[in-house]
1. Test B:Glu29 against the criterion of being over 15 Å from the mean Cα position of the chain (by Cα), away from DNA strand C (no atom under 16 Å from the Cβ), surrounded by fewer than 17 Cβ atoms within 10 Å (Cβ to Cβ) and assigned to a loop (DSSP other than H, G, I, E, B), and give yes or no.
2. Residue under question is A:Phe112, and the condition is that it be within 14 Å of chain B (Cβ to nearest Cβ) and either in contact (Cβ under 8 Å) with a residue 60 or more places away in the chain or surrounded by 14 or more Cβ atoms within 10 Å (Cβ to Cβ) (or both); does it hold?
3. Within the bounds of the stretch B:106-115, is there any residue that is within 16 Å of DNA strand C (Cβ to nearest atom), more than 18 Å from the chain's Cα centre (by Cα) and of a type in the set (Val, Ile, Thr)?
4. Condition test on A:Glu130, is it of a type in the set (Asp, Glu), in contact with a strand residue (DSSP E or B) (Cβ under 7 Å, 6 or more places away or on another chain) and within 13 Å of another protein chain (Cβ to nearest Cβ)?
5. If you check B:Leu182 against the conditions, is it more than 20 Å from B:Val44 (Cβ to Cβ), outside any strand (DSSP E or B), within 18 Å of the chain's Cα centre (by Cα) and more than 13 Å from every other protein chain (Cβ to nearest Cβ)?
6. Scan the stretch B:161-191 residue by residue and report those that are closer than 16 Å to B:Leu56 by Cα and away from DNA strand C (no atom under 13 Å from the Cβ).
7. I'm trying to understand the selection: among the residues of the stretch B:57-75, which are of a type in the set (Lys, Arg) and within 15 Å of B:Arg165 (Cβ to Cβ)?
Number of protein chains: 2
Amino acid sequence: MHSTLKSYFHEITGAGEEKLAALAQYFVEKHVKKNEWLLREGEVCKCNYFVAAGCLRLYSVNPAGIENTRYIAFEKKFATSFTSLITGQPSMEYIQSLEDTTVLAIARQDFFDLVEREPAVNKVYRHILESAYITTQKRIYDLQGADSLHRLKWLLAQQPRVFERLPGKIIASYLGITPYTLSRLKADLKK
Amino acid sequence: MHSTLKSYFHEITGAGEEKLAALAQYFVEKHVKKNEWLLREGEVCKCNYFVAAGCLRLYSVNPAGIENTRYIAFEKKFATSFTSLITGQPSMEYIQSLEDTTVLAIARQDFFDLVEREPAVNKVYRHILESAYITTQKRIYDLQGADSLHRLKWLLAQQPRVFERLPGKIIASYLGITPYTLSRLKADLKK
DNA sequence: CAAAAAGATTGCTCTACCGCAATGTTTTAC
DNA sequence: GTAAAACATTGCGGTAGAGCAATCTTTTTG
């Protein structure tokens, strides 16, 4: 198992070297170039992906053809379409790399078997779901209640890496605005 | 334990009568009148609430004084500010009854102890978090990508109960629009 | 390194939704 | 059962952000 994943598991579960080694066999290292897809809309999600290096995003395309980005995962985060992974239904979202990326993939069935059988994996899954809950609670109130300038300032404060590493087009699709509006807001901020 | 909660646990975990009885002791029945609060902004959330009868909502008030409703829970749903319950930090949201409501409350510490100790409760918690994940994924794409008429039609299709039981003011605050706009959209739908 | 492609900026116009105000309707409370 | 309060509707005007087009800048690719 990649050392990044080991330290992630260790931090959350306190699991020892032996247990970590036993879990290692379930993960397969995979390399994806920038702008490639790990999952497309309509496909059933087959794996849970841990980002060892690089960056993934989850997004969907609405009927008008507009991309909406729901989640951006940098190093040391799991990223997958859990909705498809849990239900076994085709995904309504894409998983795309935004940089050359190394992921550690675990198959759907292996993952859920381990959630049942291995307390450490159960705990990691709980941690993922709890973190997702906390993040999305804030995100819903943000999308519902704040204007685009507030959302931009909040993202700048919370996730400055996003602005250093990703193009405005992606940031705009995360904030739920057009690249035009993002450009205008950035100009306003400089004044 | 209230029979509604028993059947909920049984459906998700398959637990037998004996186990259900053992878990029962941790839940306390509580009655709240319409428009009362179980939790206010700034308070630390102390319980997880199962709605046995009636209806709760989770909402926050933004700096402009506008209420935004994030979640509406009818019968047979757990509802709490998990963000506060998990982190132990003060809640940024309110829990309010929208009808005369009966809840079964379990204390924070009891709940998390049982999550660790009792596989049935672990499974129920996982189910709650997974359901929340699936619901909020759709909700984020909805708020980000769809206009208010689409959101209204979607809610009408998915949750018709909402329109039968709740005032337009609450529905508007759930959809992220003003009551004025909701009223106009309803008039448009009739044409 | 040069050509091409992709991304960023900005003026202009347009639209969806907001927000007040005035009026009508339903619900609540004594 | 009736008064008061809360809720709903609709006209009117205002605003945030969308979307097109033209231009400029950065990145990619051979």
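1. When the stated conditions are applied, B:Glu29 does not pass them.
2. On the way: within 14 Å of chain B (Cβ to nearest Cβ): yes; either in contact (Cβ under 8 Å) with a residue 60 or more places away in the chain or surrounded by 14 or more Cβ atoms within 10 Å (Cβ to Cβ) (or both): yes.
Yes: the conditions hold for A:Phe112.
3. no
4. no
5. Details: more than 20 Å from B:Val44 (Cβ to Cβ): yes; outside any strand (DSSP E or B): yes; within 18 Å of the chain's Cα centre (by Cα): no; more than 13 Å from every other protein chain (Cβ to nearest Cβ): yes.
It is false that B:Leu182 is more than 20 Å from B:Val44 (Cβ to Cβ), outside any strand (DSSP E or B), within 18 Å of the chain's Cα centre (by Cα) and more than 13 Å from every other protein chain (Cβ to nearest Cβ).
6. If the condition is that a residue be closer than 16 Å to B:Leu56 by Cα and away from DNA strand C (no atom under 13 Å from the Cβ), then B:Arg161, B:Val162 are the ones that fit.
7. Quick first cut of the stretch B:57-75, residues of a type in the set (Lys, Arg) only: B:57, B:70.
Residue satisfying the conditions is B:Arg57 alone.
Residue by residue, here is whether (1) surrounded by 16 or more Cβ atoms within 10 Å (Cβ to Cβ); (2) touching a Phe, Trp or Tyr at 6+ places or on another chain (Cβ under 8 Å); (3) more than 9 Å from chain B (Cβ to nearest Cβ) holds:
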{"site": "A:Phe50", "(1), (2), (3)": "yes, yes, yes"}
{"site": "A:Arg57", "(1), (2), (3)": "yes, yes, yes"}
{"site": "A:Ser60", "(1), (2), (3)": "yes, yes, no"}
{"site": "A:Gly65", "(1), (2), (3)": "no, no, yes"}
{"site": "A:Ile72", "(1), (2), (3)": "yes, yes, yes"}
{"site": "A:Thr80", "(1), (2), (3)": "yes, yes, yes"}
{"site": "A:Thr83", "(1), (2), (3)": "yes, yes, no"}
{"site": "A:Ile86", "(1), (2), (3)": "yes, yes, no"}
{"site": "A:Gln89", "(1), (2), (3)": "no, no, yes"}
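The values are calculated or read from the model by the stated rules, or taken from the named source; none is laboratory data. A quick note: this is a predicted structure, and the numbers were derived from the prediction, not measured. Note that we place each Cβ from the backbone using ideal geometry, even for glycine, and neighbour counts take in every protein chain shown.
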